[in-house]
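The values are calculated or read from the model by the stated rules, or taken from the named source; none is laboratory data. These figures come from a predicted structure and were not determined experimentally. With ideal geometry, Cβ positions are generated from the backbone for all residues, glycine too; neighbour counts draw on all protein chains shown. We work out accessible area using only protein heavy atoms, side chains counted, and drop any ligands, DNA or RNA first. Shrake-Rupley method; radii C 1.70, N 1.55, O 1.52, S 1.80 Å.
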Amino acid sequence: MNLSTRISNSLTLAALTLSLAGCGGGGSDSSESAVAAAPAPSPGTTLPTTPPTAYTPDLRSFAVAWVGLQIAGTALDVLHITGETGNCGAGGSTRYDFGAVRQTLSQCVVRTSPDSVYTGSWSATNTTTGKVKSVAMSSPSLTVANPVAAGGQTQFAITAGNVGGLDDFSNDAVDVYSAVGFSLEARVGTANAFYRVGSNAAATASQSIQNGVATLLISSASLGVDYSGNAWRFTVQNLRSIGDNRPDQGTLIVADQSQPSTAATTVTFGTGNGLQFSSGGQSVVKRWSDADVQAALAAARQ
């Protein structure tokens, strides 16, 4: 073998050895080779970081549930008013026609619901045993206005549905509603947004007058809402409102049915118009007056 041949063979062997080393051959570790090949950051270099994602509450679902809850409150007043004739307690009048089994209201405001003015009628049958009234309502045609707004602006109109339940008025200071079940269709706001709200399970609530001020307590309710082609489900626990104030206690858990169940939002109501939104282990505190909260509520009425 001449000198040129030996040099050529030596170069070939060296190239093969390097190739095997790069592929993990010859007993070397590929991860070690990769680490060794990675250039060290130069002094003063700032490595890129990924900032944490801020939690953004599902305000749309909350707003839809809140509008649905206002509509649902009609069911309690239907149980309270049905079968009554005379002054409504805080303004307006109501009359029950036994022959036509129909309740008719004109600018009716009951003391326990001072933020609603009822005008219209519904078909209703009711029986009273002792001081427990059982009501079945259907065929409503009823507008619900805000007494504070200029001109008594209509909040929504009940156009179809039914309500059933018990009203125990054995205590003069409080009406306790149980076995409340309902399905109501409503047109909301000036845009006539269509809502269908119904109970998924029997609800329990009470209305009372304490120190001259109306108090509403929804002990438990499981409701569903259809709005703008979408569906939501929400539950309410120990939700309390005093007068025309926002709730100062209780929780509302709302889930957009188009999203995973793990995306449900829990809203906790507190004093001073506080709202805590929680989901997936994250939370944020908002206020009713916040611009994004108000925008969501306005959008849910369109």
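Each residue of the range 257-265 was assigned a 3J(HN,Hα) from its phi angle through the Karplus expression (A = 6.51, B = -1.76, C = 1.60, θ = phi - 60°), giving 5, 8, 10, x, 4, 5, 8, 4, 10 Hz with x at Gly and Pro. Summing charges over neighbours of residue 196, with a neighbour being any other residue whose Cβ is under 12 Å away from its Cβ, gives -1 when K and R count +1 and D and E count -1.
Highest mean first, the peptides 105-114, 61-70, 262-271 sorted by other C-beta atoms within 10 Å per residue fall in the order 61-70, 105-114, 262-271. Tell me the net charge near residue 124. Cut-off is 13 Å between Cβ atoms, residue 124 excluded, with +1 for each Lys or Arg and -1 for each Asp or Glu. Around residue 124, the charge tally is -1. Net charge within 12 Å of residue 183 by Cβ-Cβ distance, Lys/Arg positive one each and Asp/Glu negative one each, not counting residue 183 itself? Taking every Cβ under 12 Å from that of residue 183, the sum is -1.
Each of 182, 261, 224 was placed along the dipole of the range 170-264 (beta-carbon charges, centred on the mean Cα), and the one lying farthest toward the positive end is 261.
Using modelled amide H (1.01 Å from N, peptide plane; none on Pro or chain starts), what sits under 5 Å from the amide H of residue 180, excluding residues fewer than 5 places away? Long-range HN contacts for residue 180: 166, 203. Accessible area per residue for the range 177-239, computed on protein heavy atoms with a 1.4 Å probe, is 40 Å². Given +1 at the Cβ of Lys and Arg, -1 at the Cβ of Asp and Glu and no other charges, the dipole of the range 75-200 around its Cα centre is 240 debye to the nearest 20.
Take each peptide in 80-87, 163-170, count the other Cβ atoms within 10 Å of every residue, and average; sorted highest first, the result is 163-170, 80-87.
Using a probe radius of 1.4 angstrom, the carbon and sulfur fraction of the accessible surface of the range 157-218 is 50%.
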